[in-house]
């Protein structure tokens, strides 16, 4: 009987013993310093995590594997606590003792990025990428680093590598699309934007970007229709309204565009981009004092490049680092945009030294700023320094190889230098890539004309006007072609239309004066030259 009871109690005793054993194992496992530290980090108590890990590291020697875990956790905890110097010290020790530690390379890359030491950040993040090519974080962070360094080739390469590794990641797709948009590869950008639109059809910021891409590719009617269809009836939508104002500007409805930019900025003066567009529209209308006053106001409202932008984020999560990087990028773009606007204003007033200083400061913030490089080109034109103007044009095309506006800007320089075949090559490249871009057809018409192909010039000019009747360049090209064909009446009409659309564009005004001189209308020609000299603030030659 006793033996039978013992046999019956054996499973119960074994079960109780197993429970105690498991409880002991659980307690022992939980009491391990790395697990206690992880629990503290999960609670958001980075200070306690640092204390636990420091005690553990100081009390005994650990195996290399355990020491690596403890150091990694302490470096992360110090980072989250905001002790960047101490965190950097731990990450450096990790990187020296454990060169294949991904967190060490990533952490050093992030810290150097936060401190704006981009070259060091690049080196560490590239190391992290080599250690763990299947982790998306180095790809996303390197995009911002390469962009800040102005290394367009490395930026394109990391995007290709990231897109090949993570073909379904929407963040990379948006970065790729925005990069293609900035570089003037509008067809490629639209393909990526369409993929994103399929995943997020209600994203209005994305839809506004798609409309702007169509606009810059020459599809301005399609852009206008898309924005009009999307425009909410009972709700204000800033991205859509800003895009619509830009459509109005490109269509030649400058007064309406100016009113829209002013309304957007006055509605909320945090809309710095709208304010910069408004200032440019005022300057284009000749209201330079108003434009300068607005720029002074904007100078107080843009994000300042202060030390606050270089403080660590609240967490080491990728989203926090990306958010801080984006904030810095916006601050850099706003400051560079303001400098470019001041440079343009100084150029219009004939203050060339002030203008050059502003453009170069903008380039120090954004080394590949399209607007700043273009501003230096315009400055060289006003100084009659053709060699310098061409040098800046070549730099623009070197940075923006496929951007139609860059090619057309250099084509304009070639035309002024009499290098008509070179102008025709650049204009044809832009026109072939974007056949609906009116300005490309207009430049192509002028290039054809100067190479003796009057019929081709007329055809291209007519196409330019048909594509966008609000483009002054299209009417200027038409006037030049009609003058060559001997149609004096229509020539005068086309010159007048070009100058009505952009009364401060000097080149067609001087060419109109030359046409009037050939007609024997010397008084009218002198009036045009006088107005051109007033606009440029310098004497204008009749044969310029």
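What are the residues in region 253-278 that are touching a helix residue (DSSP H, G or I) at 6+ places or on another chain (Cβ under 6 Å) and under 24 Å from residue 468 (Cα atoms), if any?
Within region 253-278, 256, 257, 258, 260, 261, 274, 277, 278 qualify.
Could you give me the residue pairs with C-beta distances under 7 Å whose first residue belongs to region 376-391 and is in contact (Cβ under 8 Å) with a residue 60 or more places away in the chain, whose second residue is buried (at least 21 other Cβ atoms within 10 Å of the Cβ) and assigned to a helix (DSSP H, G or I) wherever it lies, and which are 6+ apart or on separate chains?
As it stands, the answer is 382/347, since those pairs meet every condition given.
Sort out which residues of region 185-203 are more than 16 Å from the chain's Cα centre (by Cα) and in a loop (DSSP other than H, G, I, E, B), and write them in order of number.
200, 201, 202, 203
Quick one: what pairs do we get from region 460-489, first residue under 18 Å from residue 424 (Cα atoms), second modelled with pLDDT of 90 or more and not in a helix (DSSP H, G or I), C-beta under 7 Å, 6+ apart or different chains?
Short answer, once both residue conditions are applied: 464/471; 474/468.
Could you grab me the full set of residues in region 353-369 that are more than 25 Å from the chain's Cα centre (by Cα) and not in a helix (DSSP H, G or I)?
none
Can you tell me which residue within region 521-544, out of those that are part of a loop (DSSP other than H, G, I, E, B) and at pLDDT below 90, is surrounded by the fewest Cβ atoms within 10 Å (Cβ to Cβ)?
Only one residue tops the list, namely 543.
What do you reckon, is residue 128 under 23 Å from the mean Cα position of the chain (by Cα) and under 26 Å from residue 327 (Cβ atoms)?
No, not satisfied.
Would it be correct to say that residue 99 is at pLDDT 85 or above and assigned to a loop (DSSP other than H, G, I, E, B)?
Against the criterion (at pLDDT 85 or above and assigned to a loop (DSSP other than H, G, I, E, B)), residue 99 qualifies.
Which helices (runs of 4 or more DSSP H) sit wholly inside region 20-88 and have at least 1 residues that are more than 25 Å from residue 108 (Cβ to Cβ) and at pLDDT 70 or above?
Correct list: 33-42, 46-59.
So which pairs qualify, if the first residue must be in region 232-260 and free of Cβ contacts under 8 Å to residues at least 12 places away in the same chain, the second must be in a helix (DSSP H, G or I), the Cβ gap must be under 7 Å, and the two must be at least 6 apart or on different chains?
Final answer for the pair search is 256/248.
Each row is one residue, and each column tells you yes or no for (1) touching a helix residue (DSSP H, G or I) at 6+ places or on another chain (Cβ under 6 Å); (2) assigned to a helix (DSSP H, G or I); (3) farther than 24 Å from residue 342 by Cβ.
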site: 371; (1), (2), (3): yes, yes, no
site: 375; (1), (2), (3): yes, yes, no
site: 391; (1), (2), (3): no, yes, no
site: 402; (1), (2), (3): no, no, yes
site: 406; (1), (2), (3): yes, yes, no
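Residues being farther than 20 Å from residue 413 by Cβ, part of a loop (DSSP other than H, G, I, E, B) and in contact with a helix residue (DSSP H, G or I) (Cβ under 7 Å, 6 or more places away or on another chain): count how many of those fall in region 490-518.
Number of matching residues: 0.
Output the number of residues of region 156-184 satisfying the condition of being closer than 16 Å to residue 333 by Cβ and assigned to a helix (DSSP H, G or I).
5
Check region 288-297 and report whether any residue there is closer than 29 Å to residue 540 by Cβ, in contact with a helix residue (DSSP H, G or I) (Cβ under 8 Å, 6 or more places away or on another chain) and either at pLDDT below 70 or surrounded by fewer than 17 Cβ atoms within 10 Å (Cβ to Cβ) (or both).
Scanning region 288-297, I find at least one residue that is closer than 29 Å to residue 540 by Cβ, in contact with a helix residue (DSSP H, G or I) (Cβ under 8 Å, 6 or more places away or on another chain) and either at pLDDT below 70 or surrounded by fewer than 17 Cβ atoms within 10 Å (Cβ to Cβ) (or both), so the answer is yes.
So residue 350 clears everything in (1) assigned to a helix (DSSP H, G or I); (2) out of contact with any helix residue (DSSP H, G or I) (no Cβ under 7 Å at 6 or more places or on another chain); (3) in contact (Cβ under 8 Å) with a residue 12 or more places away in the chain except one condition, right? Which one?
Condition (1) is where residue 350 drops out.
Run down 366, 356 and say which single residue is free of Cβ contacts under 8 Å to residues at least 60 places away in the same chain, surrounded by fewer than 23 Cβ atoms within 10 Å (Cβ to Cβ), within 26 Å of residue 273 (Cα to Cα) and touching a helix residue (DSSP H, G or I) at 6+ places or on another chain (Cβ under 9 Å).
356
The values are calculated or read from the model by the stated rules, or taken from the named source; none is laboratory data. Just so we're clear, the structure is a prediction, and the values are computed from it rather than from any experiment. Please note: Cβ atoms are built from the backbone with ideal geometry, for glycine as well, and neighbour counts cover all protein chains shown.
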